[in-house]
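Read the structure below first, then the notes.
We did not get these values from a lab; they are worked out from the coordinates using the rules stated. Predicted model only: the values in this text are computed from it and were never measured. When we count neighbours, we look across all protein chains shown, and the Cβ atoms used for this are built from the backbone with ideal geometry, even at glycine.
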Amino acid sequence: MRLPGCVLLWLGFVACSGDPKKEPGAKGAEPAGGSFAALSAPFSAAPLPYSLNDSSVWNTKDTAALSAAEFSSLLPDSLRTQLLGGGKVRFTPLARIEGAQEVRYLSVRASSGSHRAALLYRFEKGNPAGVFPLLVPDADPATAQVSTIDRAGAITRGITKKLPKEQTAEGKEVFMYNTEGKNFTLIGADPLEDNQDVLNPLDTFARTHPLAGDYVKNARNFVSIRDARNPSELNFFVHFETGEEDNTCVGELKGTALLTSSKTAVYRQGGDPCVLELTFQGNNVTLREMEGCGSRRGVQCVFEGSFPRKKPVSPKTTAKKKSKK
């Protein structure tokens, strides 16, 4: 139903009046809904640079919930669905942050079922200016995430992942707020490389022995054979990985094996309980763990299996063109 023009004119006059009528029971002028002043009271102040880790986002300690209607209204539906699914969202306060040039932030924990996220609400001159997913934790126990905001307003989302053999991989993304586009823009990235190449310590060693070469299933399962000090010995390096991605068993061994026949070599060193047999047949080498090599591998796998020999890469030669006389 449309309101008569005179009624709309009267409502406009009241809204612009310097002495607006208060609703019964009102105790004074309230901050505008969705503004920094209206939303920031339950938050504790935090200085810049501000840092947040994933354990803080997972933390479910009893904290008074914020107004779901207020914070949901500022969160784009697409972002909400992507991060938190379609269920009811609970918002709890993390920090109130004072930036430069009348920029302020509210760091908010959002949860819905098993979903968690830390959202950064940005305000300019007290008014909402965007929402950014500051930290979205994953379920991988091998990773750790930390997000920071520096004094210049740059937001860095960092991740560290533990890899086998006490190695780690790191990645990060850096964002800045684009005042013209009114959005957060990626300005730099260093992707998490958790599938780093395995370093072969024998790669540059001589391979003139008839059995020397690389016996490869793939980049993470191979046996490298190289010349030793005398023809009756072989230097070798074995690396293998078995199992699923979230339950990988890794084995690695480097040593010198004694040739017991023209096709068989055995690794056996004084003080080392590990005994490993390498059998060469055609273009394959087969491993057999003869005695416990448990200190060189995971408990759910052993040194075993056959590895095909990789053809050596021939150096490219460039034919010289004959000059015309």
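The GluC sites (Glu not before Pro) of segment 88-174 that DSSP puts in a loop, and whose beta carbon has at most 16 other beta carbons within 10 Å, are GLU102, GLU166. Projected label points at GLN101 and SER72, each 7 Å from Cα along the beta carbon direction, are separated by 3.5 nanometres.
Each residue of segment 36-190 gets 121 Å³ once the volume of the Cα convex hull is shared out per residue. Restriction of the trypsin sites (Lys or Arg not before Pro) in segment 40-89 to DSSP coil positions whose beta-carbon has at most 13 other beta-carbons within 10 angstrom yields LYS61, LYS88. Diffusion coefficient of segment 213-308 by Stokes-Einstein, Kirkwood radius over Cα pairs, 4 °C, 1.567 mPa s: 96 µm²/s. In this entry, segment 161-253 is assigned a mean projected area of 9.2 nm², taken as a quarter of its C-alpha convex hull surface.
Rounded to the nearest 0.05, what FRET efficiency do VAL266 and THR81 give with R0 = 41 Å and r taken as the Cβ-Cβ distance? Could you check?
0.10
Using 0.36 nm per residue and subtracting the Cα-Cα separation, the extra length available between LEU199 and SER44 on full extension is 51.0 nm.
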